[in-house]
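Taken together, the values in this text are just the output of simple stated rules run on the coordinates, not laboratory data. Quantities reported herein were computed from a predicted structural model and do not represent experimental measurements. Cβ coordinates were reconstructed from backbone atoms using ideal geometry, including for glycine residues, and neighbour counts include every protein chain displayed.
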Amino acid sequence: MRRLIALILVFVALRPAQAEVREISFLSEDGWKISGTLHIPDGIGTKKVPGVVMLHSSEHEQQVFGLSSYPGMAISLAERGVVALRIDWRGRGKSIGELEYHSFTSEQRAKIYLDVKGAIDFLAAQKNVDGKRIGIVGEAEGANHGVLGAAGDARVMVMALLSARLEPKAKEYIKNNPQVGLLGIVSTDDREGFRDTSEAYNLSQNPETDILVQREMGIGTTMLSLFRGKYPKEEPLDHTIVNWIAKQLKGLGEVQEASFQSTDGFTIFGSLRIPDSATESSKVPGVVMVHSGTRDRYIFQDLELMAAKQGLAVYNIDWRGRGRSRAKGIYFDFPLEVQDRVYQDVQGAISFLASQKGVDANRIGVVGATLGARNSGRAVVGDKRVKAVVLISGYGDDTVKKYVAETPQLAVFAIASKGDSGPVQAMTEIIRSSKNSQSQIVVFGGAARSSQIFQGQPDLEPRIAEWLRETLSAR
C-alpha cells in the first residue's frame, strides 16, 4: 500500500501543469465562421504572456496538434507559459461551413489567409495575451497560409514551419522582414517541403533563424510521432520546437509605452521592454538606447529586440523634439541652449530604467548614435551605475575622454566608418584613453553613418547585443 501511495505521489508531482481549454469561434474578415481551441497556461493571473496560432495542413484538422504527440504541441506551449490557439481553417473540421475545403477553387483557397488574420486578431485581443508577441506554427499548406496571414503584421515575431509549402509571395515576406525569427522543420524524403523550407531559411535575415533537417521522417506532424518512436531516449522533436518558440517569444519580454519628465520639463516617451526572466530576486541589466539627431527610436527597433533576447531590459527613447516626444515642438526649432540639454533626457532615461522592478540599477548600458552618442557620453559622466557604452558614429569631448580614462569599470564599444573621419578620430582617442579590457573600436569601410552602418553590416547588431550582455553580466 505504501508503495502504491508513493507511486501516486510521484505521478502527481510529475504530471504536467494544467491549462484552461476553451472552445472558441470568430468570424473572418469575409464572414466565414472559424472554430478553434484556446489553451491558456495555468497560474498566470493577470500577467500578459505570448500567444501562438497553430495551423494544420490540408489533410489534417486542428486535432493534429493534440494527437501527433503526447500531450500535444498546444498543451506543451501552455505548459511553457504561452497561450496556444489551434484552429480549423475554412472548409476543414468544425469550420467546414457550406463547402468542404477539397471542393474549393484556387481563388477560394487563396482566402484562407483571412482566417489566419482573424485568428491573430482574436488571440491578441485575449486579456492574458501580450498582443505584441505572437507566433505562428504552420504545417505544409498551413505554413503558407500562416506566412501570408502574418504579412504586414508587426505583432508576429516568430514562425515554426513544418514541411512548408510556400508561394513566392510568402518567401518574399520572409526575405523582407528580418524581425521575424524562423524555424524550419523538414524531412529529406519530402522534396517539395525540403526545397521551400531550405529556401526560406536562406532568405531569412533574422539571426535566430534555424532549420532542423530529419532523415526519412515523413511529412508534417508525422515527423513528430516518428521521431519519438525512432529516438525514444532523445528530447522529442515537438518539445524542441515548442522550446524554441517559447524561448524566442518570452525572451522578447513584455513591451509598453513609458514616459518620464526631464529635469527641465520635457515629457520623454520610449519603448520599455522587460524580459520575462526579470524579477526582484533575479534582476537583469538594462540598456538605454538613444537615436541619432534626424531619426527617432525606431532606428534601434531590431537592436532592441536582440538585446531583449540576450536577457537585457531595454528603454528605447525618443528624446526631446523627436518621435513622440514633440509636445513642445520640433528639436531643430528649439533654441541652441535647449538642444544642448538632450543629455538630461538620457540621464532621466537611465534613472527611469534603473528604477524598474527586476532591473539591476548598478548594471546599466547606453547605446547612442551620432548626436545621440555625444549626448550619451555627456550623460554617463559621473554616473557609476553605467558600466557599458556603445558609441556609433559619435563625437566625444575632453570631459568624456577624461571620465573614461579615470573609470576603468566603464567599457566602451566604438563603431564608425572609415570615410566618416571625424568620429573615427574622436572615438579612437576615447578608446585609447580607456583602461577597460573590453573596450574596443571597429572601423568599417565606406562612409555610412549611424544606423546606416547596420544595413551593410548584418552581423553588427547581434554583435552589439552580445557585447552588452557579456560586458554587463560580468559586473
Distance (nanometres) between label positions extended 7 Å along Cα→Cβ at residue 188 and residue 259 | 5.9
Zone reached by a paramagnetic label modelled 7 Å from residue 59 Cα along Cα→Cβ, restricted to the range 121-165 with backbone N below 17 Å, covers 138-144, 162-165
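Which FRET efficiency value, to the nearest 0.05, is calculated for residue 324 and residue 179 with the Förster distance at 22 angstrom and r the Cβ-Cβ distance? Working shown, then result.
Numbers: r = 20 Å, r/R0 = 0.91.
It comes out at approximately 0.65.
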Here the percent of antiparallel bridges among DSSP beta bridges lying wholly in the chain, to the nearest 5, is 35
Helix 2-14: inclination vs the chain longest Cα principal axis, degrees, rounded to 10, gives 60
At what distance in angstrom do the alpha carbon centres of the range 145-186 and the range 409-456 lie from each other?
-> 35
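On a 21 Å Cα-Cα criterion, which of the cross-link pairs 127/309; 127/171; 111/171 come out too long? Please list the in-between numbers first.
Working: 127/309 24 Å; 127/171 32 Å; 111/171 18 Å.
Checking Cα-Cα distances, 127/309; 127/171 exceed 21 Å.
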Fraction of antiparallel bridges per DSSP, the range 14-251 only, in percent to nearest 5 | 35
Any aspartates and glutamates with Cα under 18 Å of the residue 401 Cα? List them, leaving off those in the same chain fewer than 8 positions away.
-> 383, 429
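What FRET efficiency do you get for residue 110 and residue 338 if R0 is 51 Å and r is their Cβ-Cβ distance, rounded to the nearest 0.05? Mind showing how you got there, number by number?
Working: r = 54 Å, r/R0 = 1.07.
Once the sixth-power term is evaluated, E becomes 0.40.
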Residue by residue through the range 309-321, the couplings from Karplus 6.51 cos²θ - 1.76 cosθ + 1.60 with θ = phi - 60°, in Hz, x for Gly and Pro, are 5, 7, x, 9, 6, 10, 10, 9, 9, 9, 7, 2, x
Where q = 0.11 Å⁻¹, what log10 of I(q)/I(0) comes from the Debye formula for the range 253-473, counting one point per Cα?
-> -0.46
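Quote the FRET efficiency, to the nearest 0.05, computed for residue 429 versus residue 409 with a Förster distance R0 of 25 Å and r equal to the Cβ-Cβ distance. Please report the intermediate quantities before stating the final value.
Working: r = 20 Å, r/R0 = 0.79.
It comes out at approximately 0.80.
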Whole-Hz ³J(HN,Hα) from phi, Karplus 6.51 cos²θ - 1.76 cosθ + 1.60, for the range 102-113, glycine and proline x = 5, 9, 5, 7, 4, 5, 5, 5, 5, 8, 4, 4
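Restricting to the range 253-473, compute how many DSSP beta bridges are antiparallel as a %, nearest 5. Please report the intermediate quantities before stating the final value.
Details: 13 of 40 bridges.
Taking every DSSP beta bridge within the range 253-473, about 30 percent pair in antiparallel fashion.
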